[in-house]
Amino acid sequence: MAGEAQTATDYIQHHLQNMAYGKLPAGYTRADGSILQESTWTLAHSSQEASDMGFWAIHLDTLGWSIGLGMLFCFLFARAAKKATAGVPSGFQSMVELVVDFVDKLVKDTFPHRNSMVAPMALTIFVWVFLMNLMDLIPVDWLPMAAAKAAGNEHLYFKVVPTTDLNATLGMALAVFVLMIFFSIKEKGALGFLKELTLHPFHSGKWYVDIFLIPFNFLLEAVSLLAKPVSLGLRLFGNLYAGEMIFILIAIVFGVGVLGFIGAGLLHMGWAIFHILVITLQAFVFMVLTTVYMAMAHNREDEHENDH
Amino acid sequence: MNINLTLIGQSITFLAFVWFCWKFVWPALLGVMQEREQKIATGLEEAERASKDLELAQRKAAEQLKEAKEQAAEIIDGANKRANQIVDEAKQAAEAEGDRLKAAAKAEIDQEVNRAKEQLRSRVAALSVAGAEKILSVNIDAKVHDDLIDKLAAEL
């Protein structure tokens with residue numbers, strides 16, 4: 001809810017700013033008007049400060065929550081794996097097995113190659129992204145306010161949904177991209193990968209024609225290759241960012257009288273229920289697309305040609 | 001919205017979690033699940049085999065029961081036949097014995113009768129001789145009249 005001193009715009013901006021930790025240069029004028037004597041590593045006190053920190057800054061909230069949730073995933077699943085028996089599965093084990101079985105079937109359907117890493121990666125993505133998205137269902141003010149109280153700093157930036165931070169989603173997409181390149185080169189060799197980038201989709205079979213087709217092919221293939229991780233990261237970010245935005249807007253309405261409170265309550269509930277679908281779907285889409293990209297990376301050229 | 005080091009951090013985190021899941025979570029869980037699948041498959045197979053075995057055993061038992069009944073019937077039949085035979089034999093033996101006893105008795109009776117007749121005859125002869133002696137008061141030479149007396153005795 002917006003504080004008395006805050007306008008709605010301030011409130012929204014405050015909610016959309018990560019807790020950035022970075023280096024501010026000497027002579028920098030801070031948000032409260034003080035001037036830094038020497039360059040310091042510090043938390044950003046305003047969006048302007050955060051952006052002035054440049055690339056060498058880190059979002060403590062994003063990384064903290066994503067690592068925490070990832071560890072929660074690892075802990076829960078590793079414990080389930082440790083306790084698992086081939087006998088009758090108990091409550092949590094059967095839930096874990098349900099997810100594992102679901103992911104395993106899906107990967108077997110979409111990824112026909114031999115690579116023992118892809119299925120666990122799909123499971124990690126699905127559960128981890130789902131958990132990160134799930135943070136979106138916690139009312140937008142609870143955790144930030146609790147964190148501000150705990151830190152004793154009313155203006156503490158604290159974003160609890162890592163997937164609403166472009167860094168997080170693009171970071172995962174970047175890792176997927178690196179793995180795509182890695183497996184492409186591993187499966188086809190550097191030359192095979194290069195051939196794939198330059199001799200497709202236009203291919204005449206005569207070298208003197210192909211030479212002139214190479215630039216066009218490379219342009220097309222490079223764009224389609226780069227579009228994969230970018231679209232992967234942006235899709236997840238966009239969906240969750242929009243969802244978060246609407247939760248924030250609804251949260252503002254809570255402060256507008258009794259009618260506003262009731263209306264916002266209903267809206268919040270409706271959007272949250274709808275959002276359950278969105279967060280699951282986005283986690284699922286991220287997983288499926290990653291698996292498909294991995295399958296593409298493993299596809300050999302000759303197999304590729306047989307497809308047409 | 002700034003792109004910063006968080007991007008790289010998130011990538012590394014991602015790969016670390018994937019690695020963890022790949023090494024420690026996935027194989028254990030899948031192993032257990034496959035083991036259970038195998039167990040269930042074996043269990044089902046065994047159940048099927050057991051039901052087949054049961055059916056076979058039931059059929060066998062029924063067959064054996066039928067056979068046993070047949071055998072019992074046969075044995076009873078044989079026993080009946082044998083019993084009849086024994087009774088018949090006993091009857092025959094008894095009859096033969098009876099006949100023999102009857103014949104022996106008859107023979108004895110005949111013998112007794114003959115002996116009695118003989119005795120009677122000789123007594124009659126003696127009596128008649130004595131009677132005649134007394135009547136005639138003559139001493140009859142027995143030797144002379146033996147023939148006569150014998151004839152008389154024979155006529156008796």
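The values are calculated or read from the model by the stated rules, or taken from the named source; none is laboratory data. The structure displayed is predicted, hence computed values, not measured ones. With ideal geometry, Cβ positions are generated from the backbone for all residues, glycine too; neighbour counts draw on all protein chains shown. For the accessible areas, the whole protein counts, side chains as well, though only heavy atoms, and no ligand, DNA or RNA atoms are used. Shrake-Rupley method; radii C 1.70, N 1.55, O 1.52, S 1.80 Å.
Observations on the model:
- B:Lys66 modelled with pLDDT under 95, among the basic types (Lys, Arg) and under 47 Å from the mean Cα position of the chain (by Cα): no
- Residue list for region A:19-38, restricted to those being among the basic types (Lys, Arg) and touching a strand residue (DSSP E or B) at 6+ places or on another chain (Cβ under 7 Å): A:Lys23
- Candidates are the residues of region A:74-90 that are out of contact with any Asp or Glu (no Cβ under 7 Å at 6 or more places or on another chain) and of a type outside the set (A, V, I, L, M, F, W, C); the one that is modelled with the highest pLDDT is A:Arg79.
- Taken across region A:138-159, residues that are assigned to a helix (DSSP H, G or I), touching a strand residue (DSSP E or B) at 6+ places or on another chain (Cβ under 8 Å), within 14 Å of chain B (Cβ to nearest Cβ) and surrounded by 14 or more Cβ atoms within 10 Å (Cβ to Cβ) do not occur at all.
- Cβ-Cβ distances below 6 Å connect the following pairs, each with a first residue in region B:1-14 that is open to solvent by less than 20 Å² (accessible area, probe 1.4 Å), a second residue that is assigned to a loop (DSSP other than H, G, I, E, B), and a separation of six or more residues or different chains: B:Asn4/A:Phe55.
- Residue that is within 29 Å of the chain's Cα centre (by Cα), buried (at least 21 other Cβ atoms within 10 Å of the Cβ) and within 22 Å of A:Pro112 (Cα to Cα), where the choices are A:Phe183, A:Phe193: A:Phe183
- Some residue of region A:110-126 being within 11 Å of another protein chain (Cβ to nearest Cβ), assigned to a helix (DSSP H, G or I) and open to solvent by 20 Å² or more (accessible area, probe 1.4 Å): yes
- Restricting attention to region A:55-88, the residues that are at the interface with chain B (Cβ under 8 Å from one of its Cβ atoms) and in a loop (DSSP other than H, G, I, E, B) total 6.
Let's see how each residue does on (1) among the small types (Gly, Ala, Ser); (2) more than 18 Å from B:Ile3 (Cα to Cα); (3) touching a Pro at 6+ places or on another chain (Cβ under 6 Å):
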| residue | (1), (2), (3) |
| --- | --- |
| A:Val161 | no, no, no |
| A:Ala175 | yes, no, no |
| A:Lys188 | no, yes, no |
| A:Glu196 | no, yes, no |
| A:His203 | no, yes, no |
| A:Phe218 | no, yes, no |
| A:Gly238 | yes, no, no |
| A:Phe247 | no, yes, no |
| A:Ala251 | yes, yes, no |
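- For region A:160-180, taking the residues that are surrounded by 24 or more Cβ atoms within 10 Å (Cβ to Cβ) and in a loop (DSSP other than H, G, I, E, B), the one that is nearest to the other protein chains (Cβ to nearest Cβ) is identified as A:Asp165.
- Qualifying positions in region B:15-45 - within 30 Å of A:Tyr21 (Cα to Cα), more than 7 Å from chain A (Cβ to nearest Cβ) and open to solvent by less than 70 Å² (accessible area, probe 1.4 Å): B:Ala16
- Criterion: within 30 Å of A:Met172 (Cα to Cα), of a type in the set (A, V, I, L, M, F, W, C), in contact with a Leu (Cβ under 7 Å, 6 or more places away or on another chain) and open to solvent by 40 Å² or more (accessible area, probe 1.4 Å) - qualifying residue of A:Phe237, A:Phe274, A:Phe286, A:Phe218: A:Phe218
- Residues being more than 16 Å from A:Phe286 (Cβ to Cβ) and within 13 Å of another protein chain (Cβ to nearest Cβ) - total across region A:92-109: 12
- Inter-residue pairs, beta-carbon under 6 Å, first within 17 Å of A:Thr290 (Cβ to Cβ) and in region A:179-203, second at pLDDT below 90 and surrounded by 14 or more Cβ atoms within 10 Å (Cβ to Cβ), 6+ apart: A:Ser184/A:Phe193
- Number of residues in region A:35-54 that are in a loop (DSSP other than H, G, I, E, B) and away from chain B (no Cβ under 11 Å) equals 6.
- Filter result for B:Ala93 (modelled with pLDDT of 95 or more and in a helix (DSSP H, G or I)): no
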